Amino acid sequence: MERFKVIVIGGSAGSFQVVTRILAALPANFNIPVVLCLHRLKHIRSGFEEVLNKKSTLKVIEPEDKTKLQKGYVYLAPANYHLYAEINGTLSLSTEESVSFSRPSIDLTFDTFSYVYKNKMLGIILSGANRDGLNGCILAKARGTTLIAQSLEEAEIQTMPESIIQQQLPTYILKTEDIIKKIIALNKL
Amino acid sequence: MLLNKDTDLSLTIIKQFQTFLFEKYGYDFRDYALSSFKRRVEHLLFFFKSGSVNDLIRKIDANPSLAEQAVKEITVNTTEMFRDPSFWRKMRDEVLSQFVSSPVIRIWHAACSSGEEVYSMCIILQEMGLLDKARIFASDINSEVLANAKSGVYPIRSLDTTKSNFDRLGTSGKLENYYKVSSDQTTIKYNESLIKNVNFRKHNLVSEEGFSKFDIVLCRNVMIYFNFDLQDRVMDTISNSLFKGGFLAIGSKETIVWCSTAKDFQPLSVEEKIYKKIV
């Protein structure tokens, strides 16, 4: 696989366990920034970051606007904001309208990150009950982004990964343990 | 969202559009954050049914009224009543409560957009018995948006969010006292008496100086659309518009630490992003 500058993970219902398994498995010296866009309750602002940090080797933070993307960190899209990439290597936030009833929206995170990072981005779509992420993956694919979908045998709710598999967007369709192997292998590149 | 990969907007074309709006009409979006601005341009292409940015420029060039409309579509941002109820509780209990014995409270909603924050503030002031002595300015770059804000009319579908946020304020008041549902059940209208002390004013936060001094400035989730330089400049304007001891409120995931005026402020609440001006 290529040398990636960012890994962006999108997930919704049924993705929490998978995300925590991935975060727990990453080595402390993992040298690619990880971005999480997970559907969450908009009015519950705190708690999620803490729960993920409990499981994660790397520090999980909910970025403030204009935070610089750095290796060694996991960036969690904050409640009730969209999370975007900027071309100067920073992150930005937006309160634009929800997409597929979601803010943060996976579509918008995948759109803006793939616009900036193109083939230097690895995008991963996990379990989820709606199709947020599909449009973002269509754009990302056209820009050369490598995409992974969680395998349908394993995904707790298939709608989200299935939507991108049907469009033949993912380069890899993998179970969690293989997603983890693939990501960890990137650290050696 | 554009789904045609062939029409991915280049940085060059986005900058060209910004330069056009500035040179032809004086609207300065040159220091807007790129990602959200790009999305707004994509929205404009859809809105004006334009196949390309060049076509969009031709249309707006030929028709000045489209320019004002374009500005509205670029800047319009959905917000909600009582966004972040914990912020509004803090605002009520630790900021507004300090003004109970003051003769007047001067408040500026900078870039108020469609006015949800203004009505949220007015309802809370009314609940506290402070509305009569409030002197509120609500400003925005776009006169159409200001007219919407002044009308107090919002789609009825906004009510679910408003109600659930209002319930989290922990107040004894009833939201139903403050609005009426339209006869066709599609909109609600907030009571005009709520904004009796509100002065809606056209003002461009990006290019104009402040116009008065205030005890409280609210500018929540506005500067996220600006780049560093513009944030810094706008923070100067805001800082100059606050009395010593006045309060600034920004969005829950915004920060002023990178601005040169940051030293003039002390956090009153780190969690809710309320700052006190100390000089």
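For A:Ala24, the shell of other residues with beta-carbons less than 13 Å away shows a net charge of +2, using +1 for Lys and Arg and -1 for Asp and Glu. Gyration tensor analysis over the Cα atoms of chain A returns equivalent ellipsoid semi-axes of 20, 19, 17 Å (largest first, whole Å).
Beyond 24 Å in Cα-Cα separation lie the following of the pairs A:Lys54/B:Lys253; B:Lys163/B:Lys213; A:Lys68/B:Lys49; A:Lys55/A:Lys118; A:Lys68/B:Lys24: B:Lys163/B:Lys213; A:Lys68/B:Lys49; A:Lys55/A:Lys118; A:Lys68/B:Lys24. In terms of its Cα atoms, the protein assembly as shown spans 66, 54, 51 Å along the principal axes, sorted from long to short.
The angle between the Cα long axis of helix B:34-47 and the longest principal axis of the Cα atoms of chain B comes to about 70 degrees, rounded to the nearest 10.
Among A:Cys37, B:Cys219, which comes first, second and so on when ranked by fewest other beta-carbon atoms within 10 Å?
Listing A:Cys37, B:Cys219 from fewest to most nearby Cβ atoms yields B:Cys219, A:Cys37.
Here A:Ala28 and B:Gln266 are evaluated by their C-beta separation; at R0 = 45 Å the FRET efficiency comes out at 0.80.
For chain B, relative contact order (Cα pairs under 8 Å, six or more residues apart, normalised by length) works out to 17 percent. The aspartates and glutamates within cross-link reach of A:Lys141, meaning a Cα-to-Cα straight distance under 17 Å and a gap of 8 or more places when in the same chain, are A:Glu2, A:Asp107, A:Asp111, A:Asp132, A:Glu162, B:Asp6, B:Asp8. The H on the amide N of B:Ser252, modeled in the peptide plane, is under 5 Å from the matching H of no residue at least 5 residues off or on a different chain. Between A:Gln166 and B:Asp167, the FRET efficiency from the beta-carbon distance, with R0 = 35 Å, is close to 0.30. Remark: A:Ser15, A:Ser98, B:Ser212 ranked as B:Ser212, A:Ser98, A:Ser15, counting other beta-carbon atoms within 10 Å and listing the fewest first. Shape class for segment B:63-209: oblate, because the ratio a/c of the largest to smallest gyration tensor axis (alpha-carbon atoms, square roots of eigenvalues) is 1.5 or more and b/c is at least a/b.
Tell me whether segment A:29-84 comes out rounded, prolate or oblate; compute the Cα gyration tensor, take square roots of the eigenvalues as a ≥ b ≥ c, and use a/c under 1.5 as the rounded threshold. It comes out oblate by the Cα gyration axes.
DSSP assigns beta bridges within the protein assembly as shown; of those with both partners inside it, close to 35 percent run antiparallel. The H on the amide N of A:Val60, modeled in the peptide plane, is under 5 Å from the matching H of A:Val74, each at least 5 residues off or on a different chain.
Of the GluC sites (Glu not before Pro) in segment B:184-220, the ones in a loop by DSSP (not H, G, I, E or B) with at most 14 other beta carbons within 10 Å are B:Glu208, B:Glu209. Across segment B:52-61, rounded Karplus estimates of 3J(HN,Hα) from the backbone phi angles (6.51 cos²θ - 1.76 cosθ + 1.60, θ = phi - 60°) give 8, 5, 4, 5, 4, 4, 4, 4, 6, 4 Hz, Gly and Pro being marked x. The Cβ shell under 15 Å around B:Glu80 holds other residues with a net charge of +1, Lys and Arg each +1, Asp and Glu each -1. A Förster radius of 45 Å, combined with the Cβ-Cβ distance separating B:Lys213 from B:Lys24, puts the computed FRET efficiency at roughly 0.85.
Close amide H pairs (under 5 Å, H built 1.01 Å from N) link A:Ile9 with A:Val35, A:Leu36, A:Cys37, A:Ile124, residues at least 5 positions away or on another chain. What translational diffusion coefficient, in µm²/s and rounded to a whole number, does the Stokes-Einstein relation yield for segment B:5-75 at 10 °C and a viscosity of 1.306 mPa s, taking the hydrodynamic radius as the Kirkwood radius over Cα pairs? The Stokes-Einstein estimate is 133 µm²/s. What percent antiparallel are the DSSP beta bridges of segment A:1-150, to the nearest 5? Approximately 25 percent, going by the DSSP bridge assignments.
Working note: Karplus 6.51/-1.76/1.60 with θ = phi - 60° gives segment A:118-134 the couplings 6, 7, 8, 10, 10, x, 10, 10, 9, 3, x, 9, 9, 9, 4, x, 4 Hz, where Gly and Pro are set to x. Each residue of segment B:162-176 was assigned a 3J(HN,Hα) from its phi angle through the Karplus curve 6.51 cos²θ - 1.76 cosθ + 1.60 (θ = phi - 60°); the sequence is 4, 5, 5, 5, 4, 4, 7, 6, x, 10, 7, x, 10, 4, 4 Hz, with glycine and proline shown as x. Neighbour counting of Cβ atoms within 10 Å sorts the residues B:Thr171, A:Thr112, fewest neighbours leading, into B:Thr171, A:Thr112. Quick note on chain B: its Rg to Rh ratio, both from C-alpha atoms and Rh being the Kirkwood radius, is 0.98. Estimated purely from DSSP H runs of n ≥ 4, each contributing -39500 (n - 2.57), the mean residue ellipticity at 222 nm for chain A is -9000 deg cm²/dmol once divided by its residues. Averaging sequence separations of C-alpha pairs under 8 Å and six or more residues apart, then dividing by the length of segment B:51-188, give the relative contact order as a whole percent. The value is 27 percent.
Once you order the gyration tensor axes a ≥ b ≥ c over the Cα atoms, which shape class does segment A:122-189 get: rounded for a/c under 1.5, otherwise prolate or oblate by comparing a/b with b/c? Oblate, because a/c is 1.5 or more while a/b does not exceed b/c.
Inter-chain neighbour count for B:26-35: the average number of beta-carbon atoms from partner chains within 10 Å of each residue's beta-carbon is 4.
Just so you know, all these numbers are worked out from the coordinates, no wet-lab data involved. All values reported here derive from a predicted model rather than from experimental measurement. Positions of Cβ are backbone-derived with ideal geometry, glycine not excepted, and every protein chain shown enters the neighbour counts.
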